[in-house]
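The values are calculated or read from the model by the stated rules, or taken from the named source; none is laboratory data. These numbers were taken from a predicted model, which means no experiment stands behind them. Note: ideal-geometry Cβ built from the backbone for every residue, glycine included; neighbour counts use all protein chains shown. Just so you know, the surface numbers come from the protein's heavy atoms only, side chains and all, with ligands and any DNA or RNA stripped out. Shrake-Rupley method; radii C 1.70, N 1.55, O 1.52, S 1.80 Å.
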Amino acid sequence: SQKISIRSVSKAYESTHALDEVSFSVSEGEFCCVVGPSGCGKTTLLRAIAGLDDPDSGSILVDGDPVTEPSLNRGMVFQEYALFPWRTVRGNIRFGLDRPACACADCEARVRELVDLVGLDGFEDAYPKELSGGMKQRVGIARALAVDPEILLMDEPFGSVDARTRDRLHAELLDIWAQTEQTVVFITHDIDEAVTLADRVVVMDADPGTVQSTISIDLERP
Ligand code: ADP
Ligand code: ADP
């Protein structure tokens, strides 16, 4: 069934058409990569799916309901980590919980589980500046997964890590995805990355900031 339905979505910033009548759907449990050159509107699209920005026209439906605001059932992972520098790994992950200040046994257990899931055991009390890029992004992923969102939205999450770390994070992410059965929308400018990860690739094409087309390719993962 269709989890996310994007229907003729347009958005302009001053003179720039960031999105022009973009339409496509993502099925429940699908790993969808949106690929296209820098400036083609990928971040604008993802933020609209997240409910962080409103499109000028068109609609985005999740489970048939229009997205009007951010929701706990959509977790977001950002390229530049967006971690709180003054919070530890545990504090950052805890921030993804519905009740970030709560230290009850259930919340503590959930944080432990997430630390395990992303392989950061032993680093619970470290601050972001003490971590490598790959480790920081594991924190970002754990925080996004904290409330077990139905949809995971990822904005070039591995754009700032080296190639070897990126390969490892791809494998880890696919493992996590296999366990959680989430619907994923992952944006990247790297077609190789998109093909490595996705069930479906949506290709956006920029003509100074304007989306010209979206093409969906169905892939078989080995
Ligand atoms: P991508 O993620 O594919 O690089 P973006 O969605 O970030 O593309 O940007 C699409 C276009 O909109 C670009 O031309 C960009 O310069 C422009 N843009 C993005 N955000 C803003 C903004 N807040 N104000 C003005 N222009 C913006
Ligand atoms: P990643 O692949 O997560 O970016 P690196 O390749 O930089 O990690 O490092 C590999 C391992 O080295 C990490 O999983 C971690 O155990 C350890 N490590 C990396 N950076 C640090 C650090 N700043 N402090 C302590 N241990 C670290």
Given (1) within 14 Å of ligand 1 (Cβ to nearest atom); (2) more than 27 Å from residue 133 (Cα to Cα); (3) surrounded by 15 or more Cβ atoms within 10 Å (Cβ to Cβ); (4) of a type in the set (Phe, Trp, Tyr), number of the condition residue 24 does not satisfy: (1)
Check on residue 79, open to solvent by 10 Å² or more (accessible area, probe 1.4 Å), touching a residue at least 24 places away in the same chain (Cβ under 8 Å) and within 16 Å of ligand 2 (Cβ to nearest atom): yes
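Can you tell me which residues in the range 82-104 are free of Cβ contacts under 8 Å to residues at least 12 places away in the same chain and either under 14 Å from residue 131 (Cβ atoms) or open to solvent by less than 80 Å² (accessible area, probe 1.4 Å) (or both)? Show your work before the answer.
Start the filter on the range 82-104 by keeping residues that are free of Cβ contacts under 8 Å to residues at least 12 places away in the same chain, which leaves 91, 99-104.
Within the range 82-104, 91, 100, 102, 103, 104 qualify.
Being touching a Phe, Trp or Tyr at 6+ places or on another chain (Cβ under 7 Å) and in contact (Cβ under 8 Å) with a residue 12 or more places away in the chain narrows it down to one residue among 162, 190, 199; which is it?
Numbers: 162 fails: touching a Phe, Trp or Tyr at 6+ places or on another chain (Cβ under 7 Å); 190 fails: touching a Phe, Trp or Tyr at 6+ places or on another chain (Cβ under 7 Å).
Matching residue, one of 162, 190, 199: 199.
Identify the residue in the range 32-57 that is within 25 Å of residue 96 (Cα to Cα) and touching a helix residue (DSSP H, G or I) at 6+ places or on another chain (Cβ under 6 Å) and, among all such residues, is most open to solvent (accessible area, probe 1.4 Å).
Taking the range 32-57 first, the residues within 25 Å of residue 96 (Cα to Cα) are 32-34, 42-54.
Pick out the ones that are also touching a helix residue (DSSP H, G or I) at 6+ places or on another chain (Cβ under 6 Å) and you get 33-34, 53.
On the way: 33: 0, 34: 0, 53: 39 Å².
So, considering only residues that are within 25 Å of residue 96 (Cα to Cα) and touching a helix residue (DSSP H, G or I) at 6+ places or on another chain (Cβ under 6 Å), the one most open to solvent (accessible area, probe 1.4 Å) is 53.
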Residues satisfying the stated conditions in the range 181-201, i.e. in contact with a strand residue (DSSP E or B) (Cβ under 8 Å, 6 or more places away or on another chain) and closer than 19 Å to residue 150 by Cβ: 182, 183, 184, 185, 186, 187, 197, 198, 199, 200
Counted residues, the range 58-76 - those being within 17 Å of the chain's Cα centre (by Cα) and open to solvent by 90 Å² or more (accessible area, probe 1.4 Å): 2
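Rundown of residues vs (1) within 16 Å of ligand 1 (Cβ to nearest atom); (2) modelled with pLDDT under 90, yes/no style:
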| site | (1), (2) |
| --- | --- |
| 91 | no, no |
| 103 | no, yes |
| 106 | no, no |
| 111 | no, no |
| 129 | no, no |
| 155 | yes, no |
| 159 | yes, yes |
| 164 | no, yes |
